[in-house]
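The values are calculated or read from the model by the stated rules, or taken from the named source; none is laboratory data. Just so we're clear, the structure is a prediction, and the values are computed from it rather than from any experiment. Cβ coordinates were reconstructed from backbone atoms using ideal geometry, including for glycine residues, and neighbour counts include every protein chain displayed.
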Amino acid sequence: MNLITPMNTNKLKRLIEPLIFLTIFFCVFGVIGNRMGLSNMLNTIMQTSYRLLLDTVFFLMGITVLSGALGKLLVEFGVVRMLEKILRPLMKPLFGLPGVAALGAVLTFLSDNPAIIALAKDKQFGQYFKKYQLISLTNFGTAFGMGLIVVVYMTSLGFGKGALVGLLGAVVGSIVSTRLMQRFTLKSHPEYLNLPAYEKQVEVDEDECHKKESTFIRALNAILDGGKSGVDLGLAIIPGVLVISTAVMMMTFGPSGEDGQYMGVAYEGVPVLPYLADKINVLFDWLFGFQFPELVSFPITALGAVGAALGLLPEFIARGFVDNNVIAVFTAIGMCWSGYLSTHTAMLDSLGYRRLTGKAIGAHTIGGLCAGIVAHWAFVLLSLI
């Protein structure tokens with residue numbers, strides 16, 4: 001007689017899951033607390049979060065407000081439409097997408113990853129795509145998400161040259177990721193090759209629908225609406241920056257005291273990640289030009305949230321870890337990955353293709369690594385010229 005029923009299995013899972021979580025939780029914080037001291041560990045957590053909020057989040061929020069206003073102005077006065085027409089001829093040969101996909105690249109570059117989903121669910125926009133192409137928009141749009149914010153932030157730190165090279169690397173990474181996703185999708189669903197994403201829609205003349213308002217009012221409304229969206233984005237990155245960056249920093253940096261003493265101040269921790277990265281640092285040095293194993297924390301953090309990854313930069317700069325080559329790699333990987341682990345599932349689910357999430361994540365992982373490698377070697381080549 002089989003005594004194992006689905007009900008018993010669920011009860012067992014509900015019992016085991018919290019035990020496993022508590023075991024891991026107390027092991028991790030037990031080791032860190034034992035090394036740092038409980039009081040120092042708690043003080044460091046609070047102080048690091050506080051410094052990140054003041055020094056990084058508010059600075060990033062200023063950038064998101066300004067870039068949001070700029071992006072809305074570009075949309076309002078037709079610059080985005082003009083850029084889309086200029087970029088259209090590149091879409092098919094580079095990305096295997098119809099020309100209108102250029103609009104998605106521009107909008108996600110000016111805002112964030114989910115902007116591509118809003119477009120993909122628009123039947124007027126989606127009628128130009130086959131099903132496999134529409135699915136690959138998740139990878140395509142994510143590779144440009146928060147691009148303007150990343151580039152502007154890197155430039156504001158004094159590394160404009162590296163940021164531009166990184167932008168090139170991100171474009172290459174997006175091509176790799178999009179093409180791989182299309183290949184993976186067609187391999188598992190060959191019927192999607194000629195199947196349209198949506199039926200043809202009746203086109204609407206946007207100019208006829210545009211409200212008759214003065215240029216000044218249109219500009220003012222665009223600035224205010226764009227700035228407001230920038231505030232929303234700035235608020236949205238706070239949990240990622242404070243929680244993820246604090247956790248990563250506490251596994252990246254060591255004690256700050258002169259004699260290796262823990263002081264309970266911001267940006268201390270137990271350097272687990274550098275220890276592990278140092279074991280294969282030759283690989284990171286060749287692929288990305290990383291001279292310091294601590295730098296591997298940036299791409300790891302960018303997997304979950306690029307805003308959180310940007311929060312690591314001020315401390316890296318203060319410790320002398322950063323140059324233009326590092327910024328080029330960080331820009332490429334930060335743009336291309338752009339927190340895809342935390343967004344891909346939701347994005348594909350909203351399109352109705354959650355079963356393909358694993359393929360999308362695999363393709364994007366490869367694309368991000370290629371972006372970083374291309375950025376590094378492109379910078380090396382430019383340095384030789």
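Quick notes on this structure:
- Search result, residues across segment 350-385 that are farther than 22 Å from GLY166 by Cα, in a helix (DSSP H, G or I) and over 18 Å from the mean Cα position of the chain (by Cα): SER350, LEU351, ARG354, ARG355, LEU356
- A single entry from LEU167, LEU220, LEU180 fulfils the requirement of being surrounded by fewer than 16 Cβ atoms within 10 Å (Cβ to Cβ) and either acidic (Asp, Glu) or modelled with pLDDT of 85 or more (or both): LEU220.
- For the residues VAL329, VAL306, VAL322, the requirement of being touching a Ser or Thr at 6+ places or on another chain (Cβ under 9 Å), within 22 Å of SER156 (Cα to Cα), in contact (Cβ under 8 Å) with a residue 24 or more places away in the chain and of a type outside the set (S, T, N, Q) singles out VAL306.
- Segment 357-385: number of residues that are touching a His at 6+ places or on another chain (Cβ under 8 Å), touching a residue at least 24 places away in the same chain (Cβ under 8 Å) and surrounded by fewer than 20 Cβ atoms within 10 Å (Cβ to Cβ): 0
- Taken as a whole, segment 58-72 holds at least one residue that is in contact (Cβ under 8 Å) with a residue 60 or more places away in the chain, among the basic types (Lys, Arg) and out of contact with any strand residue (DSSP E or B) (no Cβ under 8 Å at 6 or more places or on another chain).
- For segment 332-356, filtered to residues that are closer than 26 Å to VAL152 by Cβ and hydroxyl-bearing (Ser, Thr, Tyr), the residue that is surrounded by the fewest Cβ atoms within 10 Å (Cβ to Cβ) is SER342.
- LEU60 part of a helix (DSSP H, G or I), among the aliphatic types (A, V, I, L, M) and closer than 22 Å to GLY226 by Cβ: yes
- With respect to the conditions (1) without any contact (Cβ under 8 Å) to a residue 40 or more places away in the chain; (2) under 20 Å from PHE330 (Cβ atoms), LEU107 falls short on a single one, namely (2).
- Number of residues in segment 103-131 that are modelled with pLDDT of 85 or more and within 17 Å of ALA197 (Cβ to Cβ): the value is 3.
- Just one of the listed residues (THR56, THR9, THR44) is among the polar types (S, T, N, Q), surrounded by 11 or more Cβ atoms within 10 Å (Cβ to Cβ) and modelled with pLDDT under 90, and it is THR56.
- Residues in segment 79-93 that are free of Cβ contacts under 8 Å to residues at least 24 places away in the same chain and in contact with a helix residue (DSSP H, G or I) (Cβ under 6 Å, 6 or more places away or on another chain): LEU83, GLU84, LEU87, ARG88, MET91.
- Neighbours by Cβ (under 6 Å, 6+ apart or cross-chain): first from segment 20-40, touching a residue at least 60 places away in the same chain (Cβ under 8 Å) and closer than 17 Å to MET249 by Cα; second of a type outside the set (Ser, Thr, Tyr) and assigned to a helix (DSSP H, G or I): ILE32/MET41
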